[in-house]
Amino acid sequence: MNGPDFEKNELIPVIAQNHHDKKVLMLAYMNRSAYEETLRTGEVCYFSRSRQKLWRKGESSGHVQILKQIYYDCDADAVLVQVEQLGGAACHEGYESCFFKEVDPTTGDFKIIAEKVFDPKAVYGTS
């Protein structure tokens with residue numbers, strides 16, 4: 001086997017990490033087609049579970065992820081991509097990282113720990 005085992009799992013979780021500072025940007029999924037498209041183009045492509053189709057990161061926002069490194073784990077059922085995040089934001093809510101809510105483990109309450117990089121309404125519209 002060479003690469004993730006898409007026979008075992010049709011959709012494999014993918015962690016996107018900024019290759020400069022190693023900050024975790026997002027979690028998404030790839031199927032075989034998205035994985036192959038990523039390798040072919042050098043721009044990260046995922047599979048959208050909600051839309052049931054390939055999703056080229058940045059196709060709406062322009063905030064493309066340029067592939068720098070790609071790894072898969074020992075069980076071949078998870079992928080890590082290290083990327084150059086163009087536009088400064090991976091999150092559709094306008095943040096650099098999708099992980100911008102920090103939970104207090106004693107209360108379960110959360111707080112926003114980041115500043116928005118862009119206004120989602122200006123990028124995606126109101127619909």
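Here are the numbers:
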item	result
Selected from THR107, ALA90, GLY42, residue furthest toward positive end of dipole (the range 1-110; charges at beta carbon)	GLY42
Net charge contributed by nearby residues that have their C-beta within less than 14 Å of ASP73 (K/R +1, D/E -1)	-2
Options [x] 54, 39, 28; [y] 43, 37, 30; [z] 89, 33, 24 - which one matches Cα extents along the principal axes in Å as calculated here	[y]
Probe 1.4 Å, accessible area per residue of the range 80-127, Å²	67
Carbon + sulfur, % of accessible area of the chain - ligands and nucleic acids excluded, 1.4 Å	48
For peptides 77-89, 11-23, sequence by mean Cβ density within 10 Å, most packed first	77-89, 11-23
Residue-span extension gain [ILE15 to LYS101] - 0.36 nm each, minus C-alpha spacing	29.3 nm
Value of [θ]222 nm, deg cm²/dmol, for the chain, DSSP H segments ≥ 4, -39500 (n - 2.57) each, nearest 500	-3000 deg cm²/dmol
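The values are calculated or read from the model by the stated rules, or taken from the named source; none is laboratory data. Since the structure is predicted, the reported quantities are computational estimates derived from the model, not experimental observations. Backbone-built Cβ (ideal geometry, glycine too); neighbour counts: all protein chains shown. Accessible surface areas use protein heavy atoms only, side chains included; no ligands, DNA or RNA. Shrake-Rupley method; radii C 1.70, N 1.55, O 1.52, S 1.80 Å.
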